[in-house]
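Following: one structure in structure tokens, then a few remarks.
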Amino acid sequence: MIAEKYHVWTDGACRGNPGPGGWAYIIRASDGTEEVCYDYESSTTNNRMELAAALEALRSIPEGSSVQLFSDSQYVVKGMNEWIVAWQRRNWRKADGKPVLNEDIWKQLVEAAAKREIEWNWVEGHTGQNENERCDALANRAIDEAS
């Protein structure tokens, strides 16, 4: 059986850090259909919203699927591509011995990612990439609608 393929764009936003925040994702299946979702948290940080967007997107994709995920957050992309193995090896401590921030959501993201084949890609934000711009607008819309 061939795994279903998805393209995913995610973004998070926060007004203040911490402050009210929003996250959003766009999932495009190989047949071209799209799923769009966004939500709000009353008190959060930008990094938590970036992580939440990726986590919620992955939770919406069937296990065993192949995913190309695009985020303008180097925190998310480098975290999953470079830092996560060392963090886990050090019992969720950074190289300086301090605890990894957002450990709870990182653990959930690792669990969701393990059930899918994922390529984590960084895209530069606010440069006109259509889906990234749409996610940014939706994440901010989540904040506006909750205000």
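There is no residue in segment 47-58 that is surrounded by 14 or more Cβ atoms within 10 Å (Cβ to Cβ), on the phi > 0 side of the Ramachandran plot and in contact with a Leu (Cβ under 8 Å, 6 or more places away or on another chain).
Among the residues of segment 2-25, those that are of a type in the set (D, E, K, R) and either at positive phi or surrounded by fewer than 24 Cβ atoms within 10 Å (Cβ to Cβ) (or both) comprise E4, K5, R15. Is segment 85-102 home to any residue that is surrounded by fewer than 22 Cβ atoms within 10 Å (Cβ to Cβ), more than 20 Å from D136 (Cα to Cα), in contact with a Ser or Thr (Cβ under 9 Å, 6 or more places away or on another chain) and not aromatic (F, W, Y)? Yes, the conditions are met somewhere in segment 85-102. Considering only residues in segment 71-97 that are among the charged types (D, E, K, R) and under 16 Å from V123 (Cα atoms), the one that is farthest from the chain's Cα centre (by Cα) turns out to be K78. Among the residues of segment 15-28, those that are in a strand (DSSP E or B) and either among the charged types (D, E, K, R) or within 14 Å of the chain's Cα centre (by Cα) (or both) comprise G21, G22, W23, A24, Y25, I26, I27, R28. Each residue in segment 29-59 was checked for being closer than 17 Å to A137 by Cβ and either free of Cβ contacts under 8 Å to residues at least 24 places away in the same chain or assigned to a strand (DSSP E or B) (or both), and 7 of them qualify. Selection of segment 125-145 for residues being modelled with pLDDT under 95, within 20 Å of T45 (Cβ to Cβ) and touching a strand residue (DSSP E or B) at 6+ places or on another chain (Cβ under 9 Å) yields only G125.
The values are calculated or read from the model by the stated rules, or taken from the named source; none is laboratory data. Keep in mind it's a predicted model, so treat the numbers as computed, not measured. Counting neighbours? That spans all protein chains shown, and the Cβs are built from the backbone with ideal geometry, glycine included.
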